[in-house]
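Trainee: The structure is given below, and queries will be raised subsequently.
Laboratory data are not the source of any read-out in this text; all were calculated from the coordinates shown. Just so we're clear, the structure is a prediction, and the values are computed from it rather than from any experiment. So basically every Cβ, Gly included, is an ideal-geometry build from the backbone, and we count neighbours across all protein chains shown.
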Amino acid sequence: MYKIEDFDKELLTEMLKKMILIRRFEEKTAQMYGLRKIGGFLHLYIGEEAVAVGAISRLDLKKDYIFTTYRDHGHALAAGLEPKELMAELFGKITGCSKGKGGSMHFFDDKLNFMGGNGIVGAHIPLAAGAALKIKYLEEDGAVLCFFGDGAIHQGSFHEALNLSKIWNLPVVYICENNQYGMGTDFKRVSSVEDFSVMANSYGMYGEQVNGMDVTEVYSAVGKALEKAKSGIPVLLEAKTYRYKGHSASDPAKYRTKEELENYQNQDPILILKNKMTEKNILTEEEYIKYDENAKKTVEEAVKFAEESPEPDLNELYTDIFI
Ligand SMILES: Cc1ncc(C[n+]2csc(CCOP(=O)(O)OP(=O)(O)O)c2C)c(N)n1
Ligand SMILES: [Mg+2]
């Protein structure tokens, strides 16, 4: 396991900036949703930022691939998709990353090997295995990271994909983002085991639990996992995390206590990294404020871009579809 001493300032600063950007971006989307500038569903990732940032910072998106769920804003920003194009997508504008036709759940960018944004729980897990099979078949050097929630782990698609991954020894790392709830259901009520990483044993894979609130721990675990996956041992990681907001923007989250939420907010992923960097003398309060101000500015510019962009033409209804 890496210690904070093993990380250089540049990488930690990059990860800190990314997490702040995700937080500010999403806070703004909640506001815009309230103003009805954004329609459809809006699932926020606030509180879970360290998982996407720590994991995706390990990738080379010229050869590696990302698959994720409808809770995809954090992963897209971590992968380097443009905040302007993401905000425009949320506003349903033609300048959006999916031409305004996908919305919150369907961010996509083939140039960055960002394969979405998928709305059906668990359905993208076999797709990730498929991408890993393609990498292996063509003897490429990449790997696949596949993110999904604690609710998806009981879907048949998850178990089928894991089995195939091991049969074919695919270069894939599955990351279960256990944010403790599937909509309003506590994961402990619907799971035969509390430690999901043991499920890897059933398929002869490697499994590990990781503290998903600490970006350095995620970064370390995913680095090790990618090495294993590329050597032919697919991996299942369970990142223990927590979402601060409700399941979607319309969920008041009455199924949990204020104390529980506060407990997690006290181990906020941004604060954990900020404190570690401050203790290591590689971050000052002024620098932190500057990064935060920059993130807010980027988000404001994204909103302006989205507001000013045109709606898709009606003919767009007939493009990018299979018939
Ligand atoms: C196959 C399927 N069943 C049900 C739904 C409705 N649904 C959307 S999100 C969700 C909960 C999933 O929870 P989890 O996997 O823990 O992810 P989280 O939302 O916590 O990130 C459900 C049941 C769906 N989208 N797809
Ligand atoms: Mg969940």
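Trainee: Take the alpha-carbon centre of segment 86-105, take the same for segment 1-70, and report the distance between them in whole Å.
Mentor: For segment 86-105 versus segment 1-70, the Cα centre distance is 18 Å.
Trainee: Another question about this same structure. List the aspartates and glutamates whose Cα lies under 15 Å from the Cα of Lys136, skipping any in the same chain that are fewer than 8 positions away.
Mentor: Cross-link targets: Asp64, Glu227.
Trainee: Around Phe107, what is the net charge, scoring Lys/Arg as +1 and Asp/Glu as -1 over all other residues with Cβ under 10 Å from its Cβ?
Mentor: Cβ neighbours under 10 Å give a net charge of -4.
Trainee: Which of Ala143, Leu61, Tyr291 sits farthest toward the positive end of the charge dipole of the chain, with +1 on the Cβ of Lys and Arg and -1 on the Cβ of Asp and Glu?
Mentor: Ala143
Trainee: Using a 7 Å offset from the Cα along the Cα-to-Cβ direction at both Ile289 and Glu208, what is the distance between the two label points in nm, to one decimal?
Mentor: With each label placed 7 Å out from Cα toward Cβ, I get 3.9 nm.
Trainee: Would you kindly state how much longer the chain becomes between Gln155 and Ser192 on full extension, computed as 0.36 nm times their sequence separation minus their alpha carbon distance, in nm to one decimal?
Mentor: Stretched fully, the Gln155-Ser192 segment lengthens by 12.0 nm.
Trainee: In addition: Looking at the calculated P(r) for the chain, what percent of the C-alpha pair distances fall above 33 Å?
Mentor: Of all Cα-Cα pairs in the chain, 23 percent lie more than 33 Å apart.
Trainee: Which length gain, in nm to one decimal place, applies between Gln267 and Gln31 when the Cα-Cα distance is subtracted from 0.36 nm times their residue separation?
Mentor: 82.5 nm
Trainee: By per-residue mean of other Cβ atoms within 10 Å, what is the highest-first order of 17-24, 112-119, 255-262, 152-159?
Mentor: By packing density, highest mean first, the sequence is 17-24, 112-119, 152-159, 255-262.
Trainee: Between Thr257 and Leu314, what length comes free when the chain is fully extended (0.36 nm per residue of separation minus the Cα-Cα distance, one decimal in nm)?
Mentor: Extra length from Thr257 to Leu314 when fully extended: 15.9 nm.
Trainee: Follow-up question, since we're still on this one. Could you pull out the pairs from Lys188/Lys258; Lys258/Lys290; Lys18/Lys62; Lys111/Lys166 whose alpha carbons sit more than 21 Å apart here?
Mentor: Pairs exceeding the cut-off: Lys258/Lys290; Lys111/Lys166.
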